Number of protein chains: 2
Amino acid sequence: MPRSSVKDVAAAAGVSLGTVSNVLNRPDRVSPATRARVEQAMADLGFVRNESARQLRAGTSRTLAYVLLDATNPFFTDVAAGIEERAEAADLSLFMCNSSNSAAREKGYLDHLAEQRVQGILVTPVDPESPTLDEVIQRGIPLVVVDRTRSRPGVCSVSVDDELGGRLAVEHLVDRGHQRVAYVGGPATIGQVRDRWVGAVGAWRETGLPEADLVQMATAALTVEEGRRAGERMLGLPTRRRPTAAFCANDLLALGLLQHLITSGRRVPEDLAIVGYDDIDFAAAAAVPLSSVRQPRQLLGARAAELLLDETANPAHQHERVVFTPELVARTSTLG
Amino acid sequence: MPRSSVKDVAAAAGVSLGTVSNVLNRPDRVSPATRARVEQAMADLGFVRNESARQLRAGTSRTLAYVLLDATNPFFTDVAAGIEERAEAADLSLFMCNSSNSAAREKGYLDHLAEQRVQGILVTPVDPESPTLDEVIQRGIPLVVVDRTRSRPGVCSVSVDDELGGRLAVEHLVDRGHQRVAYVGGPATIGQVRDRWVGAVGAWRETGLPEADLVQMATAALTVEEGRRAGERMLGLPTRRRPTAAFCANDLLALGLLQHLITSGRRVPEDLAIVGYDDIDFAAAAAVPLSSVRQPRQLLGARAAELLLDETANPAHQHERVVFTPELVARTSTLG
DNA sequence: ACGGTCCGTTGAAACCTTTCAATCTAGGAG
DNA sequence: CTCCTAGATTGAAAGGTTTCAACGGACCGT
């Protein structure tokens, strides 16, 4: 209830309003005696600084935001953990916003954050080329694209080479002797899904195997549930045409697929080898530990946060395009 | 760059500043012609309303926040999805903050949110009795406790009966013939861990089995990694003393435990039956589908959001304490 | 005792929006 | 032709903080 302001505190402590502000922002400039008095008054009145007013006057905010694609995917929350670590070190708060893969929601959040004049925004966008991002930048808000890149420059980005990841997965499977492989993923509107496919195709071509033997299995989303569905379809194929291995666009799909196979009495990797993508904790924890393309998730977030902080603090900031290298982690699901 | 304000827009459109504000807030009160002119000017200048100033004057904010315990646990992000659904319907933005089980971080976020004068806060607190929460309430910010309850009233809470959940798990295991059961969970500072234990003990006593045969296996955290460690310890026990079933305080532990057993060549449930808690998507997706105590996660969040919205909008708001009933979902990990 | 420093404190201006009473305009009624 | 009304527009005040130039007093050296 006691909606008290600096003015009230000043009155209670018998000092001027400017002094209260000094206690708040430059405690060293105020004598210990008065400082104590003011602090006492603040405690008595239950004073809470009004951040809106502070921000209005000071023009600067103490918060960062990460707009992510899917909060229920552990990959993104791990990235967020990396961001948060750096944010905390810089004494900034991090707000996470979940766009749930919806461009409209994403725009809503970005607008709101822009109005709120946050210090900076990290975003894993639905579409990295979308003008929505340009709007934010034009409004003068530092922005870093995470886990994607942008063809036009003018923005920092931190990503992992998804094409390379796709290559690694397919090369691994071919090394293990597979000659008919499925790529499970979709919808194609998702950039990661496309890039990993491109890498997979590239690697496949170099093997000289018939192009038709790298088969696409489209899914409606990158979820466990969709993975199960893909499993049903997979087992529905006649044995001759059935792939001996699957490369899934992310681990959620892979886990769903894995589950469906096991509960249908098939064996992994004997009946179907599986490679996932992201190497989330649940991949290693699956009862048939999942081979997966590992991305440096925490590092991804941390580096992105560093770039963002540099952009806000350093006038000579240069936009950077950081690309990390993925790594294949081979486990039982392909090694048997 | 064009850090433009209402004043600039007004000048550009040749109207007064109040009119611009009307366009923004009560478009119906302004004639179509001028409205068009103003909107054009806003577009030309790239005007973005300054939310801080708006909030300072209007005293009201358009955002809700959810401070959660562990963003990497799918349970909480599912709860968040339920909240968000309701928030979006009320045209409010939801910011998620991850306390990572740290009371200090939690306090940091709550303070920040209070300064920001958010419209309301939902929180799954590290400690629901903590005075930190009282501070927020005293500052006049509506707050709802999620997935926990509070002994003192004065606050809405939405939770699931964790004691009952503990009972259900143990009763199920006893029904299946187990006479020596482990409770895997910790640290005991976490309320859920304690409550589920209390329920487990209660159910155990009623069976008349020797009290010593319900054994506690303490873990350092509720993570997959800790689950694996618990598995090591479990297999380290002499066969005579080894439990035939384990009830884990959450699914992450259960999945880790499951994995360790399988990779050590044991069979689930023959060698050890396992019940988890939360029924996250990965539980059903585990290669040995996990029996688990299901909580209505989305509903939990949705109901909490409703209570919060009622508190902000309805002067006659009564604090409510909603307790949902959990449900045991039996799968292969206990049924064989 | 005097001038000069330095530290602590002050008060007013500025930040940008919303609100509301007051003013203006056009058009209809008498 | 005048008066009234309803609707559109205006202008100033208010909201809480930070900033900064200015001020006052204490202390030092001479």
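Going through B:Val193, B:Val136, B:Val118, B:Val145 one at a time, which residue ends up being outside the structural domain of B:Asp278 (by TED's automatic domain parsing) and closer than 18 Å to B:Pro326 by Cβ?
Going through B:Val193, B:Val136, B:Val118, B:Val145 in turn, just one is outside the structural domain of B:Asp278 (by TED's automatic domain parsing) and closer than 18 Å to B:Pro326 by Cβ: B:Val145.
Give me the helices (runs of 4 or more DSSP H) completely within the range B:276-336, filtered to those with at least 2 residues that are closer than 17 Å to B:Leu143 by Cα and away from every other protein chain (no Cβ under 14 Å), ordered by residue number.
B:297-313
Is it the case that some residue within the range B:80-88 is closer than 19 Å to A:Gln116 by Cα, within 11 Å of chain A (Cβ to nearest Cβ) and out of contact with any Leu (no Cβ under 6 Å at 6 or more places or on another chain)?
Scanning the range B:80-88 turns up at least one residue that is closer than 19 Å to A:Gln116 by Cα, within 11 Å of chain A (Cβ to nearest Cβ) and out of contact with any Leu (no Cβ under 6 Å at 6 or more places or on another chain).
Output the residues belonging to the range B:35-74 that are more than 15 Å from DNA strand C (Cβ to nearest atom) and assigned to a loop (DSSP other than H, G, I, E, B).
Passing the criteria: B:Leu69, B:Asp70, B:Ala71, B:Thr72, B:Asn73.
Considering only residues that are within 12 Å of DNA strand C (Cβ to nearest atom) and surrounded by 18 or more Cβ atoms within 10 Å (Cβ to Cβ), which ones fall in the range B:9-20?
B:Val9, B:Ala10, B:Val15, B:Thr19, B:Val20
Among the residues of the range A:252-264, is any more than 14 Å from chain B (Cβ to nearest Cβ) and outside any loop (DSSP other than H, G, I, E, B)?
No, because not a single residue in the range A:252-264 is more than 14 Å from chain B (Cβ to nearest Cβ) and outside any loop (DSSP other than H, G, I, E, B).
The rows are residues; the columns are (1) open to solvent by less than 50 Å² (accessible area, probe 1.4 Å); (2) away from DNA strand D (no atom under 16 Å from the Cβ).
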position	(1), (2)
B:Glu39	no, no
B:Thr60	no, no
B:Val118	yes, no
B:Pro125	yes, yes
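Taking the range A:158-205 as the search range and keeping residues that are open to solvent by less than 50 Å² (accessible area, probe 1.4 Å), within 22 Å of A:Glu226 (Cα to Cα) and among the aliphatic types (A, V, I, L, M), which one is farthest from the chain's Cα centre (by Cα)?
Applying the filter and picking the extreme gives A:Val181.
Scan the range A:38-60 and report the pairs whose first residue is at the interface with chain B (Cβ under 10 Å from one of its Cβ atoms) and polar (S, T, N, Q) and whose second residue is open to solvent by 60 Å² or more (accessible area, probe 1.4 Å) and near DNA strand D (Cβ under 10 Å from one of its atoms), with Cβ atoms within less than 6 Å and a gap of 6+ or a chain change.
A:Ser52/B:Leu56
Here is a check on your reading of the model: is B:Gly265 crowded, with 23+ Cβ neighbours inside 10 Å and either in contact (Cβ under 8 Å) with a residue 12 or more places away in the chain or not hydroxyl-bearing (Ser, Thr, Tyr) (or both)?
no
Pairs please, first residue from the range B:1-27 and closer than 10 Å to B:Arg49 by Cβ and part of a loop (DSSP other than H, G, I, E, B), second anywhere and within 11 Å of DNA strand C (Cβ to nearest atom) and open to solvent by less than 60 Å² (accessible area, probe 1.4 Å), Cβ atoms under 8 Å, 6+ apart in sequence or on different chains.
Partner pairs satisfying both residue conditions: B:Ser5/B:Phe47; B:Ser5/B:Asn50.
Can you spot a residue in the range B:97-104 that is in contact (Cβ under 8 Å) with a residue 12 or more places away in the chain, more than 16 Å from DNA strand C (Cβ to nearest atom) and within 17 Å of B:Gly301 (Cα to Cα)?
yes
Going by what's in this entry, would B:Arg241 be described as within 13 Å of chain A (Cβ to nearest Cβ) and either more than 17 Å from B:Pro326 (Cβ to Cβ) or open to solvent by less than 50 Å² (accessible area, probe 1.4 Å) (or both)?
Here the answer is no, as B:Arg241 does not meet what is asked.
Conditions (1) among the hydrophobic types (A, V, I, L, M, F, W, C); (2) in contact with a His (Cβ under 9 Å, 6 or more places away or on another chain); (3) open to solvent by less than 60 Å² (accessible area, probe 1.4 Å), marked per residue:
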position: B:Glu270; (1), (2), (3): no, no, no
position: B:Asp278; (1), (2), (3): no, no, yes
position: B:Phe282; (1), (2), (3): yes, no, yes
position: B:Glu306; (1), (2), (3): no, no, no
position: B:His317; (1), (2), (3): no, no, yes
position: B:Glu320; (1), (2), (3): no, no, no
position: B:Ala330; (1), (2), (3): yes, yes, yes
position: B:Ser333; (1), (2), (3): no, no, yes
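Determine if the range B:63-73 includes at least one residue that is near DNA strand D (Cβ under 10 Å from one of its atoms), hydroxyl-bearing (Ser, Thr, Tyr) and open to solvent by less than 50 Å² (accessible area, probe 1.4 Å).
The answer is no; no qualifying residue exists.
Between B:Arg54, B:Arg3, B:Arg49, which is near DNA strand D (Cβ under 8 Å from one of its atoms) and either closer than 20 Å to A:Val136 by Cβ or not β-branched (Val, Ile, Thr) (or both)?
One residue alone meets the criteria, B:Arg54.
Taking the conditions exactly as written (farther than 30 Å from B:Ala53 by Cβ and either within 14 Å of chain B (Cβ to nearest Cβ) or within 9 Å of DNA strand C (Cβ to nearest atom) (or both)), does A:Thr77 satisfy them or not?
In short, yes.
The values are calculated or read from the model by the stated rules, or taken from the named source; none is laboratory data. Everything numeric in this text was worked out from a predicted model, so none of it was measured. So basically every Cβ, Gly included, is an ideal-geometry build from the backbone, and we count neighbours across all protein chains shown. Quick note on the areas: whole protein, heavy atoms, side chains included, nothing else; ligands and nucleic acids left out. Shrake-Rupley method; radii C 1.70, N 1.55, O 1.52, S 1.80 Å.
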